[in-house]
């Protein structure tokens, strides 16, 4: 091929790349929202809304869930904008719109900030400002505390920063009642304790990615052995905590039975991570199994709580109200 032809081909490829970055596809904007993460956030917010006492118009409820979804997606978009440099270094994230060059950073941050502000305003103006303030707190915690402050500085990033993902049940509850109560606070605590074993299981079999990117996740800083021990410790704290709503008569027998059975399986998975180091799979099989089960676990646990509420088995759910 002649030099002129090569130069023309290079120019065409460059123009195509620039056009791609300047004109991202709809799917790229959807990817910025982290839809898989959003799905669990939305469901936990819906669970908080459904178990809350009182009535809410279906349209207002739909707006509340929509705002939770958009707020979660906006936080994810801002996170991807801020972390585009390390995303480019990790196999799991290098195909995202920004590191892959399909979107300009300015487009991503404008998209994220606009959605974040719109979600809070819409929640406050249409639903109530208690829910709006809680949504703003969740967004701010994920962006400023977890993404900017903690993630690149400490192996405790997911312990403290994980609180951002624990807000949705409180937001859903507040959307109905305009206040908080003991049950949504317990749900916050449960998700807060669930987050470390969930993400550390992922980090165990993705530790090479985090090491290349310079992210001080626990397996990178303290090693796999310490991480496995911490996963088991947090699991031992999590499972009894999930039984507290039943013990305080804030949830009924359906939830109590499910929490006990699901918790036993969770502990079994955590014990397997601690002791079952499958050498043929690089010690990854047990962490992968725990990570996958942890998602199902939280979904089923919240589903059992909703079932109790719909069956009228949790008469004291509104106890200990807290006005904001």
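Numbers at a glance
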quantity	calculated
Given (1) free of Cβ contacts under 8 Å to residues at least 60 places away in the same chain; (2) within 19 Å of the chain's Cα centre (by Cα), index of the condition residue 139 fails	(1)
Test: residue in region 43-53 that is within 28 Å of residue 186 (Cβ to Cβ) and in a loop (DSSP other than H, G, I, E, B)	yes
Those residues of region 250-277 which are within 28 Å of residue 310 (Cα to Cα) and outside any helix (DSSP H, G or I), in sequence order	250, 251, 252
Any chance residue 251 is buried (at least 16 other Cβ atoms within 10 Å of the Cβ), in contact with a helix residue (DSSP H, G or I) (Cβ under 9 Å, 6 or more places away or on another chain) and modelled with pLDDT under 95	yes
From 45, 101, 112, 76, residue being buried (at least 19 other Cβ atoms within 10 Å of the Cβ), more than 14 Å from the chain's Cα centre (by Cα) and in contact (Cβ under 8 Å) with a residue 40 or more places away in the chain	112
Residue check for residue 150: buried (at least 24 other Cβ atoms within 10 Å of the Cβ) and at pLDDT below 95	no
Residues located in region 154-185, provided they are part of a helix (DSSP H, G or I) and surrounded by 24 or more Cβ atoms within 10 Å (Cβ to Cβ)	164, 165, 168, 169, 170, 171, 172, 173, 174, 175, 183, 184
Condition check for residue 166: under 12 Å from the mean Cα position of the chain (by Cα) and on the phi < 0 side of the Ramachandran plot	yes
Index of the failed condition, residue 130 passing every other in (1) free of Cβ contacts under 8 Å to residues at least 40 places away in the same chain; (2) part of a helix (DSSP H, G or I)	(1)
Total residues in region 207-239, condition at positive phi and either part of a helix (DSSP H, G or I) or crowded, with 18+ Cβ neighbours inside 10 Å (or both)	0
Answer from 211, 189 - the residue that is touching a residue at least 40 places away in the same chain (Cβ under 8 Å) and under 24 Å from residue 270 (Cβ atoms)	189
Leading residue by the ranking (surrounded by the fewest Cβ atoms within 10 Å (Cβ to Cβ)) among those in region 186-201 that are under 17 Å from residue 150 (Cβ atoms) and within 13 Å of the chain's Cα centre (by Cα)	192
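Every residue, every condition in (1) assigned to a helix (DSSP H, G or I); (2) touching a helix residue (DSSP H, G or I) at 6+ places or on another chain (Cβ under 9 Å); (3) closer than 22 Å to residue 162 by Cα, yes or no:
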{"site": "63", "(1), (2), (3)": "yes, yes, no"}
{"site": "76", "(1), (2), (3)": "yes, yes, yes"}
{"site": "103", "(1), (2), (3)": "no, yes, no"}
{"site": "111", "(1), (2), (3)": "yes, yes, no"}
{"site": "138", "(1), (2), (3)": "yes, yes, yes"}
{"site": "148", "(1), (2), (3)": "yes, yes, yes"}
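The values are calculated or read from the model by the stated rules, or taken from the named source; none is laboratory data. Just so it is clear, the model here is predicted, and its values are computed rather than measured. Here the Cβ is made from the backbone with ideal geometry for all residues, glycine too, and neighbour counts use every protein chain on show.
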